[in-house]
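One structure is given below, encoded as C-alpha cells.
The values are calculated or read from the model by the stated rules, or taken from the named source; none is laboratory data. Source: prediction; values computed, not measured. Cβ coordinates were reconstructed from backbone atoms using ideal geometry, including for glycine residues, and neighbour counts include every protein chain displayed.
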Amino acid sequence: MSDGGKNSELSRALRNIEKTLQSIQEGVAGLDNRISSLEQKVGQQDSFQQGNPLIFSRVLTGTLDAIREFENKQGQGIVAKDLARIRNVELPTIYDHLSKLEEANLISWQRGTELGLSPHNAKFYSLLQREKQLADIPVLMSLPDYVTPIAQAILKASKKGVSRTSLILKAITLKEQGEKIWKDAELGNFEVLVDDAIRILLRLVLISLKKYPNDVMYFVKE
C-alpha cells in the first residue's frame with residue numbers, strides 16, 4: 001500500500017475516533033443536563049415541602065388574626081374545629097398551624113372544663129400577647145360587679161399568684177364589708193360565685209392557672 005493510501009486510511013480512522021469522542025461528549029453533556037434538571041426538581045420539591053417562609057408566615061398570621069377576631073367577638077378562646085371552618089382548611093392543617101404558633105409562644109390553650117365551656121375536653125386556643133390587660137382600668141370597669149374584686153385580688157398578688165382558697169376567704173371579707181352582691185350571698189354560695197368569677201376571667205384570657213395537689217393558683221396573664 002502506498003504512503004498516500006496509508007495516510008488516507010489513517011485520516012479516516014482519526015475522523016471516526018473524533019466523531020466517537022464528540023458523540024461521547026454530547027452524551028455526557030446531555031447526562032449532565034438531566035442530572036442538573038433532576039437536582040433542580042428535587043430542590044423545588046424540598047422547597048415546597050418545607051414551605052416558602054414568606055407565604056407560610058402569611059398563612060400563620062392569617063390563623064393568628066382569626067383567633068384574635070374570634071376572641072374579640074366571643075370573649076373566649078376558639079377550638080381547632082371552628083378555626084378550621086373559619087380558615088376554610090383541613091383540620092390537620094390547622095393543627096399544624098396551632099403547633100407552630102404555640103412553639104413561637106404566640107398562643108396558649110386551656111381545656112373547656114377549666115373554662116366552664118363545652119366540649120369540656122377540647123382545647124380552647126387564645127393569644128398570649130393581647131391588646132387588653134387586667135391592669136387596664138377600662139377592662140376592670142367592664143367586668144361584672146362581683147368579678148371586679150376577685151380580679152383585683154389576683155392582680156394584687158401579681159407573679160406570686162393567689163389560691164382559690166384565698167379568693168373564697170376574700171369573698172367572705174367582701175360580705176362582711178357589705179359589698180354589692182356578696183353581702184346578700186349565702187355562705188354556701190361563695191364558692192359558686194368565686195368559681196364563676198374565675199371562669200369569666202379565664203374565658204377573657206386575663207388570668208392563667210396552675211394546679212397543685214391541694215389547691216389551684218391563679219395568676220395575671222402577662
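What the table shows:
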| read-out | value |
| --- | --- |
| Meets criteria (over 13 Å from the mean Cα position of the chain (by Cα), acidic (Asp, Glu) and closer than 18 Å to LEU204 by Cβ) for GLU90 | no |
| Per-region count, segment 91-114, residues more than 16 Å from LEU128 (Cα to Cα) and of a type in the set (A, V, I, L, M, F, W, C) | 2 |
| All positions within segment 123-143 that are assigned to a loop (DSSP other than H, G, I, E, B), surrounded by 18 or more Cβ atoms within 10 Å (Cβ to Cβ) and touching a strand residue (DSSP E or B) at 6+ places or on another chain (Cβ under 7 Å) | LEU134 |
| Lone qualifier among TYR146, TYR95 - being buried (at least 19 other Cβ atoms within 10 Å of the Cβ) and in contact (Cβ under 8 Å) with a residue 12 or more places away in the chain | TYR146 |
| Sole exception among (1) without any contact (Cβ under 8 Å) to a residue 40 or more places away in the chain; (2) out of contact with any His (no Cβ under 8 Å at 6 or more places or on another chain); (3) of a type outside the set (Lys, Arg) for VAL59, by number | (2) |
| Among residues of segment 186-203, those that are more than 27 Å from GLY112 (Cα to Cα) and of a type outside the set (Asp, Glu), counted | 1 |
| Filter pass, SER208 being outside any strand (DSSP E or B) and among the hydroxyl-bearing types (Ser, Thr, Tyr) | no |
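Quick grid of which residues meet (1) in a helix (DSSP H, G or I); (2) charged (D, E, K, R); (3) not assigned by TED's automatic domain parsing to the domain that holds LYS211:
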| position | (1), (2), (3) |
| --- | --- |
| ASP145 | no, yes, no |
| PRO149 | yes, no, no |
| ALA153 | yes, no, no |
| LYS156 | yes, yes, no |
| SER166 | yes, no, no |
| LEU169 | yes, no, no |
| THR173 | yes, no, no |
| LYS183 | yes, yes, no |
